[in-house]
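What follows is a short report on a single structure.
The values are calculated or read from the model by the stated rules, or taken from the named source; none is laboratory data. The structure presented is a predicted model; accordingly, all values stated were derived computationally and were not measured. Methodologically, a virtual Cβ is constructed for each residue, glycine included, from the backbone with ideal geometry; neighbour enumeration extends over all protein chains shown. Side chains are part of the model used for accessible areas, which takes the heavy atoms of the whole protein and leaves out ligands, DNA and RNA. Shrake-Rupley method; radii C 1.70, N 1.55, O 1.52, S 1.80 Å.
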Amino acid sequence: MSAPNLLRSFNFLYFSMLAMFVAFLPVYLDEQGLNPAQIGFIIGTGGFVTIITQPLWGMISDKTKTIRKMLLILLLFSSLFGYLLYDSSSYLPLIAFAMLLYFFLMPIDPLTESLNFSVSERYKVSYGSIRTFGASGYAVFSLVTGYVMSYFGANSLAILFAAIGLISFFISWKMPDAPVTGKPVTWSSLKQFLSNKETLLFLLLVFICSVPTRMNDTFLGVYIRELGGSAELVGQAWFLAAGSEILVFALSFWWMRKGKELIYISFAAAFYFVRFFASAWISDPQMLAYVQILQVLTFPIFYSAAIQYLYRIVPAEWRATGQTVLALLFFGISGILASYLGGAIYNTFGGQTLFLFISAISFIGMLFGLVLLRKYGNRMSDQEEAV
């Protein structure tokens, strides 16, 4: 099997695991009798773990100039602790195994995205043609996981998660590693990257847009169940959301243009606002599931544009670390605020107020994106034309 096809298979399997964890951990915790504040506490604390572990593994990868070996270690431990997490029902073991899974599973995401981008450049295939398989895995296993929970019980996820993890391990054993840039890794280059005003403003934009996204990811399943929906319906909602991403990622070579990233990010933030504002006023769980198809105009556009923008400004030798910074904002720091604050709002005021709140933050993200576009858009376009 060719290197891009091996990587496509790995993307499908890893994002299947991510669906079982990100989309269904809140549902699983709800099944075990935890309230929204407790769920928010576990996922928010997992964000703190992510802040430590994603930079750690990203920097180890950059220093050792290997991604594949890091993936093998992370996958092996993820499979073990994922099994133990979904085989637990008591509060303290749930916290412990969730934290361990955050430590080993979440760093795989930025490393995988870095490998996706590097391999796509090396073999001259589009990034979207690889990342599409990740979206497919997330969509398919969102649906599968919902049915498995409904028909075989919540604890059946333990075997399913471990099995997918071990298959991913053997696939990654055969995968190529990321090409080495040949440039030495220096702290000065990273410091220069992080001290740049444009970079900091861009990362702030990512953070603002990520907080409502992570609140939705954490509490959508809980809200659907509160409205009377089943675990199957939660799976269907995530299937519609992730499935809608596939075409966008697959056609990214056609619609993505260098220098236009801030336009795409502002566009995605606008539709995040529409999606979350509509969700606040829907009381039918089936309709709420259907609204998730608006994901087609939000996450895949936002994330693809953010990655392309990042890779244009980050030093080549720090790509894995730069990708980690992006993932850290999206899954770590924003996840902490989203989970703690979102859990408190949900527990005190209810789901409708939570979705009105996150729609307002998305609107602020859209406005901030337009401000950055006005400030940097023309200069980036001029640079691209000069090239």
Once a ≥ b ≥ c are taken as the square roots of the eigenvalues of the Cα gyration tensor of region 1-68, is the result rounded (a/c under 1.5), prolate (a/b larger than b/c) or oblate (a/b not larger than b/c)?
oblate
Fraction of accessible area attributable to carbon and sulfur, region 92-183 (%, probe 1.4 Å):
73 percent
Applying 1/(1 + (r/R0)^6) with R0 = 41 Å to the Cβ-Cβ distance of SER195 and GLU226, what FRET efficiency is obtained, to the nearest 0.05?
0.35
Dividing the helical contributions, -39500 (n - 2.57) per DSSP H run of n ≥ 4, by the residues of the chain yields a 222 nm value, nearest 500 deg cm²/dmol, of -27000 deg cm²/dmol
Would you mind calculating the gained length between GLN352 and LYS69 on full extension (0.36 nm times residue separation, minus the Cα-Cα distance), in nm to one decimal?
97.4 nm
Radius of gyration and maximum dimension Dmax of region 128-179, Cα, Å
13.7, 44
Just name one of TYR86, PRO36, ALA135: the one whose Cα is farthest towards the positive end of the charge dipole of region 29-157 (beta-carbon charges, Lys/Arg +1, Asp/Glu -1).
ALA135
Quote to one decimal, in nm, the extra length available between ILE313 and LEU251 on full extension: 0.36 nm per residue of separation minus the C-alpha distance between them.
20.0 nm
What distance in nm separates the simple spin-label points at LEU76 and LYS375, each placed 7 Å from Cα in the Cβ direction?
4.6 nm
Using the Kirkwood formula on the Cα atoms of region 32-184, what hydrodynamic radius do you get, in angstrom to one decimal?
16.9 Å
Net lengthening on full extension, LEU367/ASN5 (0.36 nm per residue, minus Cα-Cα)
126.4 nm
Accessible area per residue of the chain at 1.4 Å probe, in Å²?
38 Å²
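Take the residue pairs LYS174/LYS260; LYS174/LYS197; LYS124/LYS197; LYS197/LYS258 and return only those whose Cα atoms are more than 29 Å apart.
Pairs exceeding 29 Å: LYS174/LYS260; LYS174/LYS197; LYS124/LYS197.
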What FRET efficiency comes out for the pair PHE152/MET59, r = Cβ-Cβ distance, R0 = 35 Å, nearest 0.05?
0.30
